[in-house]
Amino acid sequence: MYVCICNGYRDCEIRQMAQQGFTCAVETYTALGNGPSCGSCVDTAQQIIDEARCGADAATSLAAAE
Ligand code: FES
């Protein structure tokens, strides 16, 4: 699914960047090539990042506990 129409960024790309350690939507966009343009997607992108980071953090905690 496209999250950012201005830049053509998909949710899977944003999620992958979050799993690599990016925590901020604007920094993620910049790393993908272009920062936000109209900005209407940034809240959605940040939500995707937060959810992906939450899952990654939970997996790390489970691995550490084993
Ligand atoms: S839709 Fe993402 S910056 Fe415009």
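Every number in this text was worked out from the coordinates using simple rules, so none of it is lab data. As the structure is a prediction and not an experimental result, all values here were calculated from the model. So basically every Cβ, Gly included, is an ideal-geometry build from the backbone, and we count neighbours across all protein chains shown.
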Completion exercise
Residue pairs qualifying under the 8 Å Cβ cut-off, at least six apart or on distinct chains, with the first in the range 1-28 being more than 14 Å from residue 47 (Cα to Cα) and in contact (Cβ under 8 Å) with a residue 12 or more places away in the chain and the second being near the ligand (Cβ under 9 Å from one of its atoms) and among the aromatic types (Phe, Trp, Tyr), are 7/29; 9/2; 9/29
Problem - Given (1) touching a Ser or Thr at 6+ places or on another chain (Cβ under 7 Å); (2) within 13 Å of the ligand (Cβ to nearest atom); (3) not β-branched (Val, Ile, Thr), number of the condition residue 33 does not satisfy - result: (1)
